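Structure, as structure tokens:
The values are calculated or read from the model by the stated rules, or taken from the named source; none is laboratory data. Bear in mind the structure is a predicted one, so any value in this text is a computation, not a measurement. Here Cβ is always computed from backbone atoms with ideal geometry, including for glycine, and neighbour counts include all displayed protein chains. With ligands, DNA and RNA removed, areas are computed over all heavy atoms of the protein, side chains included. Shrake-Rupley method; radii C 1.70, N 1.55, O 1.52, S 1.80 Å.
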Amino acid sequence: MLLADQSEAMAFLFYAFAALAFLLAALVHAAFARRRNGGPPLPPGPRGLPLLGSLPLLQSDLHAHFSRLARTHGPIFSLRLGAKLGVVISSPALAREILRDHDAAFANRDVPASSRVAYGGDANIVWNPNGPKWRMLRRVTVREMLCPAGLDVVYALRRREMRAAAANIRAQAGTPVDVGAEMFLATWNTVTGTLWGATLEGAEVKRRSTVGKEFREVVAEITELLGRPDVSDFFPAVAWMDLQGIQRRMGVFLRRFDRIFEDIIEMRRKKEGGGVGEGKDFLEFMLRLEKEGGDGKTPFTMTNVKALLLDMVVGGTETTSNTVEWAMAEMLHKPEILRRAQAEVDMVVGPDAVVEESHIGRLPYLAAVIKETLRLHPALPLMVPHCPSATCVVGGYSVPAGARVFVNVWAIHRDPEVWEDPLEFRPERFADGGDAGKRGWDFSGNDFRYLPFGSGRRICAGVAMAELMVSYMVATLVHSFEWRAPEGIGKEAADMEEKFGIVMKKARPLVLVPTPRLARDDLYL
Ligand code: HEM
């Protein structure tokens, strides 16, 4: 239960102040009622409790909970969350209406109170409304950092980090290794290296893992808080009280990142003798843009610099490393898939060489493994909620402006109407002969039955980087090592329980024992 972990005092305060919000809720209700009289009805849905609606009834596995509700109420349903209306979409046809037919209206966000703590909530890409500012932030980020050409420039950095990760795992051969933690560190170093050209200080093995763990925990906390329904969002009148303490906790984590960003910017400025140099990394580019005051049409401030850094380190790290962790967990359960992936990489790379990014295009089975992983374990199971700027008709129902719209991509990816044996991990469906393979389903979001990165204007800005990093990491892990469960634990080492957050993770970390399988030891250096 959402509110089960609140202290009694908090609960008392909440119910006391909820009364204040009653008036607001009544007004909203009246507005909805007027709309019902004038146009199509609101989507059906659970009745919920007076005033609070379904808020206290939400379950912590929100994606699965919504999926269960869809079975009763249909592929579009609404639920009252305090003074706000939530709408949940669980079918490809309706996702298409939202993300293609009404893309302009739905390409907006309902900024959570916890995100306003971060640079006001509208200085970055993720939470900016569809408009010139968002377009500019997204354009410069993709053009300068995340497009294939921008990524090519920093291949050496990705290679160095991947080799360091392989060496680090090699050093732990025969002992249990936390696969997600290793991959997080590699991703973190790659993303921050691409942003400001630096890896974490103190690269010796011990230091590497402690620092990686520290940041992983912070990012995981942030994405968990972002996924948690917050009373402040549903009763704006009492938002200032921060009854669940979500804004306060978010503030602590964000101040930590802010200090890191300030230090890095300061160091960069000192290095350049007070000015901004001609360097090639993304920070350098942003500092120049900030100095020029923007692109001539839209201003670009220091707050934007830091907010974009935050977007990248929060949006680009855990999403990627969790996907690798799920892929490895699935393969532990199906050794024949691991064997087939290894055979493919062995054939292309050979046993006395290491995987390079240039090999990836020649690994179609590995690509199918990754697509299948993202089908069953989409990193953002409810995407980032959308919010229509105007009332739209979807599936014959009114979706009012300002509603919080969840596209349940997790449910769509497990829909038996779309997928044969939907709960089976079967990469073959994405390989050449498979149904999804024949249909050419990829990450572009053009087919609404498969959209792990979203679709339309708000599609993930980092698709190219994510695909590259996940493929490179999984290829390296399966090529360089044999993997088995730790002694006495068996396949429980890779139990598949999920922990919901805006980014979904494994409830328990995947811990496996690696054995080197490359021909020579020096290949791990
Ligand atoms: C496997 C890895 C990843 C997955 C599955 C993923 C998936 C997604 C999804 C589903 C969205 C929301 C789309 C929507 O709301 O319609 C999103 C947004 C976003 N992602 Fe990713 N992502 C991944 C990695 C990355 C990386 C590596 C970066 C950058 C370094 C990144 C940057 C962003 C940004 C900036 C947005 C916000 C886009 C906007 O609101 O305009 N993501 N991602």
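Counting protein heavy atoms only, the chain has 56 percent of its accessible area on carbon and sulfur, 1.4 angstrom probe. A simple charge model with +1 on the Cβ of Lys and Arg, -1 on the Cβ of Asp and Glu and nothing else charged puts the dipole of the chain at about 1280 debye relative to its Cα centre.
Give the shape of segment 229-355 as rounded, prolate or oblate, defined through the alpha-carbon gyration tensor: a ≥ b ≥ c are the square roots of its eigenvalues, a/c under 1.5 means rounded, and otherwise the shape is prolate if a/b is larger than b/c and oblate if not. Oblate. Placing dummy labels 7 Å off each Cα toward the beta-carbon, the span from A93 to A507 is 3.5 nm. Angle between the Cα long axis of helix 463-480 and the longest principal axis of the chain, 0 to 90 degrees, nearest 10? Taking Cα atoms only, the helix is inclined about 40 degrees. The alpha-carbon atoms of segment 39-524, seen along their principal axes, cover 70, 60, 39 angstrom, with the largest extent given first. Enter the angle in degrees (range 0 to 90, nearest 10) between the Cα long axis of helix 205-227 and the first principal axis of the Cα atoms of the chain, meaning the one along which they spread out most. Once rounded, one gets 20 degrees. Among the listed pairs K371/K506; K438/K499; K334/K499; K213/K280, which have their C-alpha atoms separated by more than 27 angstrom in this model? Exceeds cut-off: K438/K499; K213/K280. Accessible surface for segment 39-524, divided over its residues, is 38 Å² per residue with a 1.4 Å probe. By how many degrees, 0 to 90 and rounded to 10, does the Cα axis of helix 132-141 deviate from the longest principal axis of the chain? Roughly 10 degrees, rounded to the nearest 10. A Förster radius of 35 Å, combined with the Cβ-Cβ distance separating W240 from R517, puts the computed FRET efficiency at roughly 0.05. In summary, the lysines within cross-link reach of K297, defined as a Cα separation below 22 angstrom excluding same-chain residues under 8 places away, comprise K133, K306.
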